[in-house]
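Structure, as structure tokens:
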């Protein structure tokens, strides 16, 4: 085969290759054209911050009526060992809209973020008294308000750990550090009024170091526990401290003793 023939064959091969490449790129380009529904239903968003000393931890997220999203989170504070409250608003495509760093008087927000009407509610506590509050915020993060949770049945509602919206009320778990007991309360999310509740001792004669160890789990620098509350039929339950253990406790909110419990971990002073 002479040189001219080889050159012609090479030219034809290259022409065929570039034609196939052009077709592939065209198909790929068409497949990547923006699809509004796909972009709304499927996206990944990374919210960056120019402050290198900031630490945000997401807790819960709900979708707003405009198709956007409201994110509740914790932020690291330099004024105390508790976590501050952080709120972020994103649009329906996950794009950043607005953020709100709540005054450091209110700390340690807990799940769950609950929508009632056009207002969103969650539990937190007031520093330095550690009393439980119900926070309310509008979907545009324009106004945030706080309502103290009332005491009931000798339960002082301090150190809230989790809240679930059940039967149009918040089922709120807290740790009453003054009386050294885990409390489960039924709370009106709008008024903060407790209409029922029961508390269970962390252990008869619990020493100060046990009480302190439990309180330390609420600090942002310490490991937290998977607190949970719920209701099954007429029985309420919570994951919390009871009888020197971290336990799953069942109660009817009437009997002084649990109607059942499952010990999961002993309370140690090194917590």
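For region 62-96, residues that are surrounded by fewer than 15 Cβ atoms within 10 Å (Cβ to Cβ), farther than 24 Å from residue 161 by Cα and in contact with a strand residue (DSSP E or B) (Cβ under 7 Å, 6 or more places away or on another chain) total 1.
Of all residues in region 222-255, those that are part of a loop (DSSP other than H, G, I, E, B) and in contact with a strand residue (DSSP E or B) (Cβ under 9 Å, 6 or more places away or on another chain) total 10. Applying the criterion of being part of a loop (DSSP other than H, G, I, E, B) and in contact (Cβ under 8 Å) with a residue 12 or more places away in the chain to the residues of region 155-173, the residue that is nearest to the chain's Cα centre (by Cα) is 159.
Would you check if residue 130 is surrounded by 17 or more Cβ atoms within 10 Å (Cβ to Cβ), over 17 Å from residue 59 (Cβ atoms) and not assigned by TED's automatic domain parsing to the domain that holds residue 253? For residue 130, the condition - surrounded by 17 or more Cβ atoms within 10 Å (Cβ to Cβ), over 17 Å from residue 59 (Cβ atoms) and not assigned by TED's automatic domain parsing to the domain that holds residue 253 - is met.
Considering region 174-194, the residues that are over 18 Å from residue 120 (Cα atoms) and without any contact (Cβ under 8 Å) to a residue 24 or more places away in the chain include one that is surrounded by the fewest Cβ atoms within 10 Å (Cβ to Cβ), namely 178. From the list 240, 234, 197, 205, the one residue that fits, being closer than 24 Å to residue 150 by Cα and without any contact (Cβ under 8 Å) to a residue 24 or more places away in the chain, is 234. Considering every residue within region 177-192, establish whether at least one is closer than 30 Å to residue 96 by Cα and either assigned to a loop (DSSP other than H, G, I, E, B) or touching a strand residue (DSSP E or B) at 6+ places or on another chain (Cβ under 9 Å) (or both). Yes, region 177-192 contains a residue that is closer than 30 Å to residue 96 by Cα and either assigned to a loop (DSSP other than H, G, I, E, B) or touching a strand residue (DSSP E or B) at 6+ places or on another chain (Cβ under 9 Å) (or both).
Among the residues of region 110-135, those that are in contact (Cβ under 8 Å) with a residue 40 or more places away in the chain, more than 18 Å from residue 182 (Cα to Cα) and outside any loop (DSSP other than H, G, I, E, B) comprise 112, 113, 114, 115, 116, 120, 121, 122, 134, 135.
The values are calculated or read from the model by the stated rules, or taken from the named source; none is laboratory data. Keep in mind the model is a prediction, meaning the values are calculated, not measured. Please note: Cβ atoms are built from the backbone with ideal geometry, for glycine as well, and neighbour counts cover all protein chains shown.
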